[in-house]
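Below is one structure, written out as structure tokens; comments come after it.
The values are calculated or read from the model by the stated rules, or taken from the named source; none is laboratory data. Since we're looking at a predicted model, the values are computed, not measured. Don't worry about glycine lacking a Cβ; one is built from the backbone with ideal geometry, like all the others, and counts go over all protein chains shown.
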Amino acid sequence: MKILVTCKRVPDPDQKIRLQADSREIDSENLPYILNPFDAIAVEESLRIRETHGEPVEIVAIGIGVEECDKTLRTALAMGADRAVLIPWDSFLDPWNVSGILEKIIQRENPSLVLMGKQAVDGDSNQTGQMLAARLGWAQATFASRIEFQSGGKLKVERETDSGIETLGLNLPAIITADLRLNEPRYASLPSIMKARKKPIERIETSELGWAPDPKVEIINMSMPQTSRKKVRLTDISDLVARIKEALKTN
Amino acid sequence: MKILILGEYEKNGMKRATQSAIRFAQSIDPDAEIETIVIGWQMDSVIQDFKRWSNVLIADHESLAVPTADRYGRLLKTIVLERNADILLGATTTFCKDVLANAAGQLGGAMVGDIIGHDNRDGELLFQRPMYAGSVVATVRLIGTPKILTVRPSSYPPSAETGEIFTTTKMEIDAAVLPDLVRYEGLRSQSSSRPDVTEARVVVSGGRALKNSEDFETIVGGLADALCGATGSSRVLVDNGITPNELQVGQTGKIVAPDLYVALGISGAIQHLAGMKNSKTIIAINNDSEAPIFDVSDYGMVGDIYQIVPDLIKAFHAD
């Protein structure tokens with residue numbers, strides 16, 4: 001079985017984001033970048049499937065973006081992915097276009113399972129997996145918190161929804177997007193980091209894939225929302241009670 | 001303009017999140033032809049309620065009894081093309097994120113999610129949406145139609161009822177053309193007598209300071225009940241199995257904006273703030289005086305929630 005996992009390079013979500021002077025993009029200078037945490041969960045899940053699956057499993061990590069995505073893919077390789085593919089692209093891509101590139105890669109690689117993060121923590125769109133499933137006509141399970149392989153290529157997936165945990169049964173091929181509780185990604189050991197340096201990262205141009213951009217979302221500008229709060233410190237329970245009552249009365 | 005809304009319901013009526021989506025549709029074009037789509041099986045009482053808010057398009061069929069993205073997505077695609085709709089939209093919920101993005105993948109991909117504001121610039125719609133856990137608000141435009149949108153319910157008040165009863169149209173469903181890629185095997189939810197966290201006027205949330213489910217229930221649940229509010233949770237308690245996932249407030253959980261948000265023992269990671277920072281009044285209690293939650297709070301008290309909250313609950317019960 002072949003599993004394809006997506007690996008997006010995103011700014012470290014614990015760092016403070018700043019905008020460029022023209023407010024069209026974030027200021028990426030000196031910003032540390034990491035593997036999208038939800039994609040790291042997807043990579044981890046693919047490794048666990050390989051560790052417990054009866055048959056051989058090949059794990060291919062896919063990156064789309066600037067040359068530095070090389071490093072992001074090395075993270076996935078150090079965790080245990082077998083090889084990686086980088087599709088160079090140096091400008092904004094909306095979910096429709098990311099899913100379009102992934103569709104082409106899938107036609108080339110023929111995986112039976114695609115694991116991806118439910119969203120990337122930069123754009124927070126939460127659309128690419130669903131659009132990809134729709135394009136391919138594959139089964140879709142978003143927000144997965146548990147994946148269980150059953151006999152005959154069947155899968156049972158638990159999903160985190162607003163109203164509780166939903167269980168779906170699906171057949172391969174399928175697209176599954178990972179939620180937080182699916183697993184806790186491992187840290188790569190030093191030997192596996194060294195080993196990952198020798199693993200291949202293939203570069204495929206979009207032109208080779210027969211893909212051309214078809215933009216659907218244009219970002220016109222960005223702003224930093226400011227919320228001003230009173231920030232009053234209270235020491236007395238009776239003050240706290242009074243403030244709560246006041247908040248309940250407004251409106 | 002022709003706008004279709006993917007409706008959501010519980011028991012007998014429309015969810016407030018859908019009423020917010022209707023309000024959004026009315027506000028982007030007051031002259032729009034609005035139709036709310038209700039999908040499911042045996043929904044008579046639901047339909048009676050939906051008629052109070054807008055025209056209703058009914059897809060009522062046994063083959064649609066459970067909400068799977070493959071079937072609902074295909075059905076929505078068919079409806080949008082048949083109706084020649086300009087916009088298909090819904091609230092930002094797990095249901096709409098799952099189904100509408102799938103539909104968008106079949107309808108050309110002009111989609112923007114989690115809209116918190118909009119403008120009309122020379123006849124063109126511009127949308128505001130948060131990125132980077134809400135650190136940034138982007139203004140975007142969509143190229144092409146139909147446009148698929150999800151709208152953050154807390155950014156648009158529910159649509160007002162006018163007393164008018166709207167018309168309904170029942171669709172013919174041909175189950176043979178619907179895909180069958182996924183089997184729905186059930187839903188486990190923790191039933192709660194408290195209001196839904198996204199719809200409550202008051203939300204009391206607990207964080208790392210809570211040691212177990214019993215303490216969460218006594219302290220967070222106790223204060224929520226005293227204030228007739230809902231309970232919420234930071235991510236760490238869900239990860240540790242102390243609270244169910246449907247209580248998680250934050251970037252990847254639920255986004256809330258109640259009149260009052262009380263954060264108990266929550267440090268205030270940016271991912272949590274993304275889910276609650278638009279609340280009208282925020283009150284925090286935390287034993288760490290440096291906790292970032294105090295920077296986004298109107299009122300803060302430094303101390304142990306295990307000591308302070310029982311006193312608070314007593315004060316409200318005494319009234």
**OP:** Give the number of residues within the range A:217-234 that are touching a strand residue (DSSP E or B) at 6+ places or on another chain (Cβ under 6 Å) and either part of a strand (DSSP E or B) or more than 7 Å from every other protein chain (Cβ to nearest Cβ) (or both).
**Re:** 10
Original post:
Could you list, in sequence order, the residues of the range B:8-65 that are of a type in the set (Ser, Thr, Tyr) and more than 21 Å from the chain's Cα centre (by Cα)?
Top reply: B:Ser45, B:Ser63
Subject >> Filter pass, B:Ala65 being among the small types (Gly, Ala, Ser) and touching a residue at least 40 places away in the same chain (Cβ under 8 Å) >> reply: no
**OP:** May I ask you to say which residue of A:Ser163, A:Ser145 is out of contact with any Phe, Trp or Tyr (no Cβ under 6 Å at 6 or more places or on another chain), among the hydroxyl-bearing types (Ser, Thr, Tyr) and at pLDDT below 95?
**Re:** A:Ser163
**OP:** Please state which one of A:Arg9, A:Arg48, A:Arg24, A:Arg18 is among the charged types (D, E, K, R), over 17 Å from A:Ala196 (Cβ atoms) and within 20 Å of the chain's Cα centre (by Cα).
**Re:** A:Arg48
Subject >> Test: residue in the range B:160-168 that is under 23 Å from B:Ala274 (Cα atoms) and either in a helix (DSSP H, G or I) or touching a helix residue (DSSP H, G or I) at 6+ places or on another chain (Cβ under 7 Å) (or both) >> reply: no
Subject >> Scan of the range B:122-177 for residues that are within 13 Å of chain A (Cβ to nearest Cβ) and basic (Lys, Arg), ordered by number >> reply: B:Arg129, B:Arg141, B:Lys147, B:Arg152
**OP:** Can you work out which of the residues in the range B:2-14 that are in a loop (DSSP other than H, G, I, E, B) and at pLDDT 95 or above is farthest from B:Thr94 (Cα to Cα)?
**Re:** B:Gly7
**OP:** Looking for whichever is acidic (Asp, Glu) and part of a loop (DSSP other than H, G, I, E, B) here; the options are A:Glu184, A:Glu202, A:Glu166. Which one fits?
**Re:** A:Glu184
Subject >> Test: A:Trp138 is modelled with pLDDT of 95 or more, more than 27 Å from B:Arg235 (Cα to Cα) and in contact with a helix residue (DSSP H, G or I) (Cβ under 6 Å, 6 or more places away or on another chain) >> reply: no
**OP:** Among residues belonging to the range B:186-205 that are surrounded by 16 or more Cβ atoms within 10 Å (Cβ to Cβ) and outside any loop (DSSP other than H, G, I, E, B), point out the one that is nearest to the other protein chains (Cβ to nearest Cβ).
**Re:** B:Val202
Subject >> Candidate set: the range A:102-134, residues that are β-branched (Val, Ile, Thr) and farther than 18 Å from A:Val10 by Cα; chosen: the one farthest from the other protein chains (Cβ to nearest Cβ) >> reply: A:Ile105
**OP:** Inspect all residues belonging to the range B:208-229 and state whether any of them is closer than 29 Å to B:Pro157 by Cβ, modelled with pLDDT of 95 or more and in a strand (DSSP E or B).
**Re:** no
**OP:** State the number of residues belonging to the range A:152-163 that are assigned to a strand (DSSP E or B), of a type outside the set (A, V, I, L, M, F, W, C) and buried (at least 17 other Cβ atoms within 10 Å of the Cβ).
**Re:** 4
Subject >> Matching residues, the range B:261-282, being crowded, with 24+ Cβ neighbours inside 10 Å, more than 16 Å from B:Gly222 (Cα to Cα) and at the interface with chain A (Cβ under 9 Å from one of its Cβ atoms) >> reply: B:Ile282
Subject >> 1 or more residues on the phi < 0 side of the Ramachandran plot, away from every other protein chain (no Cβ under 14 Å) and among the acidic types (Asp, Glu): qualifying strands (runs of 3 or more DSSP E) within the range A:6-100 >> reply: A:58-65
